[in-house]
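The values are calculated or read from the model by the stated rules, or taken from the named source; none is laboratory data. Values in this document were obtained by computation on a predicted structure and should not be read as measured data. Note that each Cβ is placed from the backbone with ideal geometry, even for glycine, and that neighbours are counted across all protein chains shown. Protein only, heavy atoms only, side chains kept; ligands, DNA and RNA dropped before computing areas. Shrake-Rupley method; radii C 1.70, N 1.55, O 1.52, S 1.80 Å.
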Amino acid sequence: MSRSRLAQGFAPKMRPLPPKKSGIIGVLDIGTSKIVCMIARLKPRPPSDVLRRRTHSIDVLGIGHTRAHGVKGGAVVDMGRAEAAIRQAVDMAERASGVQIASVILGVSGARLSSQHYEAQVRLTAPAVEEFDIRRVLEAASTYAVGDGRAVMHALPVGYSLDNRRGIGEPCGMLGRELGVDMHVVTGDLTSLKNLVLCVERCHLGIEAMVAAPYAAALSSLTDDEMELGVTLIDMGAGTTTFSVVAGGHCVYVDGIAVGGQHITNDVARGLPARLADAERLKALHGAVVAVSSDDHDMLTIPPLSGDERDQPNMVPKSRLVTIVKPRAEEIVELIRDRLRASGHVGDAGRRLVLTGGAAQLQGLPDLLARVIGPQVRIGRPLGVSRLPEAARGAAFAVAAGLLVYPQVAGLEHFEPRRRQAAGAEGGSYFGRVGQWLRDSF
């Protein structure tokens, strides 16, 4: 089912979780350095306790994470090794929760994410806007043309207009002659998405939905005020750095670059030199992008490349490590700045930045972001998720936590018009349309 939808140019789409219904869901975040599986129970919140876009409380039942293999830049490069790593993470989560899952919500950090905006207008048939009119304008906006080799991951209505007056959040019942909508469409590389789906399905798991990693991280890490005022969320993973702009309560831009924390690790391994495992440890414990006076005197021990304990380790000042780490970190931040400027969404981002991902802990990185992009920077962590283990409460698990939030907002999305689905799947017959309506509704 997932691959057939991708063949039509659309990623799998899930039905939103009804506000008064509980459910158990599984999520899978496949990254370059680690694979995370979480299983959680979503329970309806009391009416007085409902947060914006959080109709349910989230209780984590089990979590499993393992080192990623067969994945590079968020894309599968070795099917067998990636499958084995996914199976291990899922098995750990199932054992910890005592629950077996048949399907997952899948996070996507690779696939060359891209954003486009489409606008559409329709004439109203009555003085006031009705639900039928909203459906019509959403269908009109959904006639966008997806480029060859791309697939739609998200189709998010950003805002409505009445008689060319923009900034309307909920037009139903308002008076006017013409209703318009601005649709934000996020697409991904079709081949990368197909291989991700195939790898997960080889683990005997279905895919409920595919969610762009920076959108998922925003769902879990941003406060309501940040989402309303405008903020850029930067998710710096090992193989990719993705980012999303959220303004007016809506995700309005998504992008990514194929450079991340692993590239810094590789630079350290080459520059010292050191084994990759030792370079990763040195980066995590001592890596920094801002030099201090004591760096010349703080000496670091570099285990020998041979791994033979009889060989003498090398001793280098910390300042040497900083001179290796700093240029690559500056490159990543400057690439993000240039992409934001080219997108035209710098104004939407405001002066606020939230940093998530495993590489977010690099010392001095928030200061570098504040100097190059915007002055207000904080480290983002999962918000409103109960029973998360201490080790999973940091920025590295923001995407996986956001995938748990996603079922509550899945209903905000609008994919291809029903007539296109019916024509492609059933030939447009009466029984085909009825069958499609049953599948969409139940």
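Relative to the longest principal axis of the chain, what angle (0 to 90°, nearest 10) does the C-alpha long axis of helix 79-97 take? Approximately 80 degrees, to the nearest ten. For the range 263-305, the residues whose backbone nitrogen is under 15 Å from a point 7 Å from the Cα of Met315, taken along Cα to Cβ, are 296-304.
Ignoring aspartates and glutamates fewer than eight residues from Lys20 along the same chain, the ones with Cα atoms less than 17 angstrom from its Cα are Asp49, Asp59.
Taking the chain as a Gaussian network of alpha-carbon nodes connected by springs under 10 Å, the highest mean-square fluctuation of the residues Ala126, Ala151, Ala284 belongs to Ala126. Counting 0.36 nm for each residue step from Glu330 to Thr125 and taking away their Cα separation leaves a gain of 68.3 nm. Using a probe of 1.4 angstrom and keeping all protein chains present, the accessible surface of the range 169-327 works out to 39 square angstrom per residue. Backbone amide hydrogens, once placed in the peptide plane, bring Val377 within less than 5 Å of Leu353, excluding anything fewer than 5 places away on its chain. Taking a ≥ b ≥ c as the square roots of the eigenvalues of the Cα gyration tensor, the range 264-311 is classed as oblate, since a/c reaches at least 1.5 and a/b does not exceed b/c. Only protein heavy atoms count here; under a 1.4 Å probe, Lys194 has an accessible surface of about 80 Å². The charge dipole of the range 298-388, taken about its Cα centre with unit charges on the Cβ atoms of Lys, Arg (+1), Asp and Glu (-1) only, comes to about 500 debye. Comparing mean-square fluctuations of Val60, Val385, Val316 from a GNM of the chain with C-alpha springs under 10 Å, the top value falls on Val316. For the range 301-316, just list the computed ³J(HN,Hα) in residue order, Karplus coefficients 6.51, -1.76 and 1.60, θ = phi - 60°, integers in Hz, with x standing in for Gly and Pro. With the stated coefficients, the range 301-316 comes to 9, 10, x, x, 4, 5, x, 7, 5, 6, 7, 6, x, 8, 10, 10 Hz. Surface composition of the chain: carbon and sulfur make up 51 percent of the accessible area, probe 1.4 Å.
Leaving ligands, DNA and RNA out of it, rank Phe132, Phe243 by accessible area with a 1.4 Å probe, largest first.
Output order, biggest surface exposure first: Phe132, Phe243.
Pairs exceeding 26 Å between alpha-carbon atoms, taken from Lys34/Lys283; Lys13/Lys43; Lys72/Lys283; Lys34/Lys194; Lys194/Lys283: Lys194/Lys283.
In order along the range 152-164, the phi-based Karplus estimate (6.51 cos²θ - 1.76 cosθ + 1.60, θ = phi - 60°) of 3J(HN,Hα) comes to 6, 9, 9, 10, 10, x, 8, x, 10, 9, 10, 6, 6 Hz; Gly and Pro are listed as x.
For the chain, the longest principal axis of the Cα atoms and the long axis of helix 261-271 meet at an angle of about 20 degrees. For the chain, the relative contact order comes to 18 percent (Cα pairs under 8 Å, sequence separation of at least 6). Quick check: from the Cα gyration tensor, does the range 13-127 come out rounded (a/c under 1.5), prolate or oblate? It comes out oblate by the Cα gyration axes. Comparing Leu222, Leu404, Leu106 in a Gaussian network model of the chain, where Cα atoms under 10 Å apart are tied by springs, the biggest mean-square fluctuation is seen for Leu222. Computed with a 1.4 Å probe on the full set of protein chains, the accessible area for Leu113 sits at about 10 Å². Helical content alone sets the calculated 222 nm signal of the chain at -10500 deg cm²/dmol, taking -39,500 (n - 2.57) per DSSP H segment of four or more residues and averaging over every residue.
Mind giving me the FRET efficiency for Arg202 and Gln8? R0 is 22 Å, r the Cβ-Cβ distance, nearest 0.05 is fine. The formula returns an efficiency of 0.55 here. Considering only Val129, Val146, Val158, the residue lying farthest towards the positive end of the dipole of the range 115-171 is Val146, judged by Cα position with unit charges set on Cβ.
Note on the range 95-142 and the range 175-190: Cα centroid distance 9 Å, given to the nearest whole angstrom.
Computed extension gain for Arg270 through Met174, at 0.36 nm per residue and net of the alpha carbon distance, reaches 28.3 nm.
Report the semi-axes of the equivalent ellipsoid for the range 249-369 in whole Å, largest first, where each axis is √(5λ) for an eigenvalue λ of the Cα gyration tensor.
Values: eigenvalues 225, 44, 22 Å².
After diagonalising the Cα gyration tensor, the semi-axes are 34, 15, 11 Å.
Among rounded, prolate and oblate, which fits the chain when a ≥ b ≥ c are the square roots of the eigenvalues of its C-alpha gyration tensor, a/c under 1.5 means rounded, and a/b larger than b/c means prolate? Because a/c hits 1.5 or more and a/b exceeds b/c, the chain counts as prolate.
For the chain, the antiparallel share of DSSP beta bridges with both residues in that region comes to about 75%. Between the helical axis of 190-201 and the longest alpha-carbon principal axis of the chain there is an angle of about 80 degrees.
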